Each structure stands twice: as C-alpha cells, then as structure tokens.
Amino acid sequence: MTTAPVPYRVTATGTETADCVSVEVEPTGRPLPEFTPGRFAMMYAFGVGEVPISVSAIHGHRLVHTVRAVGAVTRALCRLRVGDFVGLRGPYGTGWQLAAEDRPDVLLIAGGIGIAPLRPVVHQVLGHPGGFGRLEVLIGARTPQDLLYTGELARWRRAGARVEVTVDRPGPGWRGNVGVVTDLLARRETDSARATAMVCGPEVMIRHTARALLDRGLPAPRIQTSLERNMRCGVGHCGHCQLGPLLLCRDGPVVGYDRARIPLATRER
Ligand SMILES: Cc1cc2nc3c(=O)[nH]c(=O)nc-3n(C[C@H](O)[C@H](O)[C@H](O)COP(=O)(O)OP(=O)(O)OC[C@H]3O[C@@H](n4cnc5c(N)ncnc54)[C@H](O)[C@@H]3O)c2cc1C
C-alpha cells in the first residue's frame, strides 16, 4: 500500500448543513485499493495539511467524503470546487463487520456527523435485498438543521429501512422526536438475538448507547463502535492515536465494545 498521497479530482460537491459538505472524488491515475464501509482515507488539502476522513459513499473507485469544517484542513476541504485536486492515502483502519451469511438484523445508531461513516452500510444492506434481516437507522442531531442526508432518508424508508430521527433542540415547525438518540432504542424493532449494532458519534453518546444495548441483551462483540482520535501517520507508527492498548488508525476506528469498553471507561475517570 502506498503511503504517499495519490491525486484525486473533485467531481461533485454538495452542501449538507451550515458546516458540512460532501465531496465526491475520482482518481486521476491508478486508484487506491477498494474502500469498504467504515474505513477512512488520509485526505491532503494541498498546502494546508492532511486529516483522516471516512468514506460516506463508495461508487467503485469514485468516493464521497462528508466533511465538517472544524479547523484549517477541514475548512480547506469544505471549500473544494469541482475540478480541484486533493491527495488521498488509504484505505486505512478496520471497517464495519457485516457478514450476510446469517442474514443479521442491522441496527445503526448515529450521532451528528456519525451518520457519514454509516451511510455506506445502509447502501450495502439496501443493495442486497434478501441478504440481511431488518435494517434500522436511528439518528440523533443537535437541531433539525444539523441533520445530514435528509433527502436520502425517505429513499431509505421506501427501500424498507426503518429510519427514526431525533433532535436535542427542535425549531419552529419540527414535529419529530425530541431527545437523545438512546431514547429511540426503547421502540427499536431489531431482534437482539440476531442483530449486529454499529454505533458512531461523540464518545459520550457511544458509551451510553453501548450500555443501553448491553442492557437490552446485545452481546458486547456484536456492538461495533467507531472510535476517533487525532491521527497522523494512519499506519500505526507514530502513536498519535493511542487509546489504551489500541492504536486506533490500525486497530480501529471500528472496535467491538468488548475491546472498546475498558479504554473508554479509563478515559472517563
Ligand atoms: C478515523 C477518523 C475518521 C474521521 N472521519 C471524519 C469524517 O468523515 N468527516 C469529518 O468531518 N471528520 C472526520 N474525522 C475528524 C477529522 O479528522 C477532524 O475533524 C480533523 O482532523 C480536524 O482537522 P482540522 O485541521 O480541520 O482541525 P484542527 O485544528 O486539527 O482541530 C479542530 C478541532 O477539532 C478537534 N479534532 C481534531 N481531530 C479530531 C478528531 N479526530 N475527533 C474529534 N475532534 C477532533 C480538535 O481537537 C480541535 O478542537 C475523522 C477522524 C478520524 C480519526
């Protein structure tokens, strides 16, 4: 695998929210190896810097990344226009484990931009009708304006997914759920005996959700969590992303809660 950034050209951009943009890129030459849901690229904004960003959709070698502008590099990525170039390394990290053999129920729980790395799982499940059991997507956001992919949610529902959304702070005209995303677990329809859960969002949300799922009978190894830390090298050399015994760029970001529980609890103290 190459560790030098490979040039990709921007083929489309789309504003998702006030601070989130989706950027579609395609290789200008030899593509990187195939990405799978949950894995990430190191994206290099030329002259600014490099950051880890998950794939939010995979169309062969064309990739979509959804970026929230929080600092210098992510702001530069959000300013990209069609025809601009970025550098990509990867794919890095572990991905979501999704084995179709035993037709599992799939329960996705996202907080904020955490829906971005889960979106390719939705595409994968809906793209294999009959391959999986029930698909449930539970999404929490701070406000209705912070919800991502709102245009796609109706398509997911039409294709058979149960999609529930909740917000912390409703605005005028909001008639949906209000509260934290774990509240939605009470009405969940997936079966603990056959479900695999994937949880992505702020760390506090991951901890509460994982505990709630354990209480509802899901075994810890079937609760997959995505743990994020500042990363530099992407290949487990620099130690920048160490969390307890885990180097998250290599051993994560997707880690079963059986392995994630202790490092997360240690950090909480
Ligand atoms: C595996 C992985 C996948 C990611 N996927 C996405 C994605 O799909 N879309 C997206 O928008 N962002 C994603 N991130 C987060 C993204 O990498 C950071 O927002 C980015 O590194 C910030 O860089 P910056 O130079 O723009 O801002 P900086 O100036 O470096 O940081 C701005 C602020 O964000 C905080 N920050 C930086 N990195 C992280 C991080 N990893 N987690 C939490 N806070 C952080 C800093 O502490 C600071 O407060 C991912 C991170 C990881 C580790």
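I'd like the residue in the range 103-121 that is β-branched (Val, Ile, Thr) and away from the ligand (no atom under 12 Å from the Cβ) and, out of all such residues, is farthest from residue 224 (Cα to Cα). So that I can check it myself, show each step before the final result.
From the range 103-121, those β-branched (Val, Ile, Thr) are 106, 109, 113, 115, 121; that's our starting set.
Applying the additional criterion that residues be away from the ligand (no atom under 12 Å from the Cβ) yields 106, 109, 121.
Working: 106: 11, 109: 10, 121: 13 Å.
It comes out as 121.
If you go through the range 242-262 and pick out every residue that is assigned to a helix (DSSP H, G or I) and touching a residue at least 24 places away in the same chain (Cβ under 8 Å), you end up with 8. When the range 16-36 is filtered for residues that are within 16 Å of the chain's Cα centre (by Cα), of a type in the set (A, V, I, L, M, F, W, C) and in a loop (DSSP other than H, G, I, E, B), only 35 remains.
Of 190, 150, 166, 143, all but one fail to be over 27 Å from residue 92 (Cα atoms), touching a residue at least 40 places away in the same chain (Cβ under 8 Å), among the β-branched types (Val, Ile, Thr) and assigned by TED's automatic domain parsing to the domain that holds residue 217; the exception is 190.
Scanning for something in a strand (DSSP E or B), within 18 Å of the chain's Cα centre (by Cα) and not acidic (Asp, Glu), does the range 8-15 turn up at least one residue? Yes, some residue in the range 8-15 is in a strand (DSSP E or B), within 18 Å of the chain's Cα centre (by Cα) and not acidic (Asp, Glu). Residue under question is residue 82, and the condition is that it be more than 19 Å from residue 157 (Cα to Cα) and within 14 Å of the ligand (Cβ to nearest atom); does it hold? Considered against the rule, which asks whether it is more than 19 Å from residue 157 (Cα to Cα) and within 14 Å of the ligand (Cβ to nearest atom), residue 82 comes out as no.
Quick check on this structure: which one of 74, 66 is within 8 Å of the ligand (Cβ to nearest atom) and assigned to a strand (DSSP E or B)?
That would be 66, the only listed residue that is within 8 Å of the ligand (Cβ to nearest atom) and assigned to a strand (DSSP E or B).
No other residue among 217, 173, 239 is of a type in the set (Gly, Ala, Ser), part of a loop (DSSP other than H, G, I, E, B) and in contact with a strand residue (DSSP E or B) (Cβ under 9 Å, 6 or more places away or on another chain) apart from 239.
Yes or no, residue by residue, for (1) crowded, with 21+ Cβ neighbours inside 10 Å; (2) within 16 Å of the ligand (Cβ to nearest atom):
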residue: 200; (1), (2): yes, yes
residue: 204; (1), (2): no, yes
residue: 215; (1), (2): no, no
residue: 219; (1), (2): no, no
residue: 231; (1), (2): yes, yes
residue: 235; (1), (2): no, yes
residue: 238; (1), (2): no, yes
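The values are calculated or read from the model by the stated rules, or taken from the named source; none is laboratory data. Since we're looking at a predicted model, the values are computed, not measured. We place every Cβ from the backbone using ideal geometry, glycine too, and count neighbours over all the protein chains shown.
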